[in-house]
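The values are calculated or read from the model by the stated rules, or taken from the named source; none is laboratory data. For clarity, every value in this text was computed on a predicted model and none was experimentally measured. Here Cβ is always computed from backbone atoms with ideal geometry, including for glycine, and neighbour counts include all displayed protein chains.
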Amino acid sequence: MSELAAEDQPYGTFFRTLDLAAGVLVCAGAVGGLLWLRPRAGTRGCGLLAAGGWAGVVVFGAATAADSRLPLSCAPTADAACAARERAGAVPLTHAAHAVSSSVAVAGALVGMVLLAVLVRRYGSPDEARTDRLLRTLVGVELVATVWTLAAVAAFDAGHGTWGLGVAQRVQLLTIAVWLVVVAWLVRAGRRRA
């Protein structure tokens, strides 16, 4: 997905702008969730799970915003010359920095997804059972998509093709997006009950 925002791509600026806006909005929403939910946490464990989960979402948002400021110079999976330059280390350091920020973003999302799913499972009301199953399913899909992405990156780096890297990344991002919508719905429903 990052290759769509590469500096040499026709709509790179558009995709970088979307990444920046999404990252900032996710950070703002996560900080809002933390500030609103944390004082309402009934037990110490609940408060710790909420704080850790929302912190993971903040990290995801911040790293996504950082990704937008650390674009790839070219698209290695779509451009053989770019891939050769990347293997030779002849690309800007932003390629390595982007890999780090992307990894941090996914790690933050996974932390948030897991901890907030545990929070709903432990402290949610019985009528949230379906939501609990949905959150656990989304965590599972995200883990599978992340393993697929890592395997595809390793295969590409070893010269064995892309293994559907773009599809794996799309599944990752779509899963995170659906999860964010579900969590926003839970927060909104919680506000109505409070």
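Here is how the numbers come out for the structure above:
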read-out	value
Tally, over segment 119-131, of residues that are surrounded by 18 or more Cβ atoms within 10 Å (Cβ to Cβ) and either over 19 Å from residue 31 (Cα atoms) or at pLDDT 95 or above (or both)	1
Every residue from segment 145-188 that is outside any helix (DSSP H, G or I), under 13 Å from residue 77 (Cβ atoms) and without any contact (Cβ under 8 Å) to a residue 12 or more places away in the chain	159, 160, 161
Test: residue 192 is at pLDDT below 90, over 19 Å from residue 54 (Cα atoms) and not hydrophobic (A, V, I, L, M, F, W, C)	yes
Subset tally (residues that are at pLDDT below 95 and surrounded by fewer than 14 Cβ atoms within 10 Å (Cβ to Cβ)) for segment 161-178	1
Selection within segment 118-143 - without any contact (Cβ under 8 Å) to a residue 24 or more places away in the chain and among the hydrophobic types (A, V, I, L, M, F, W, C)	129
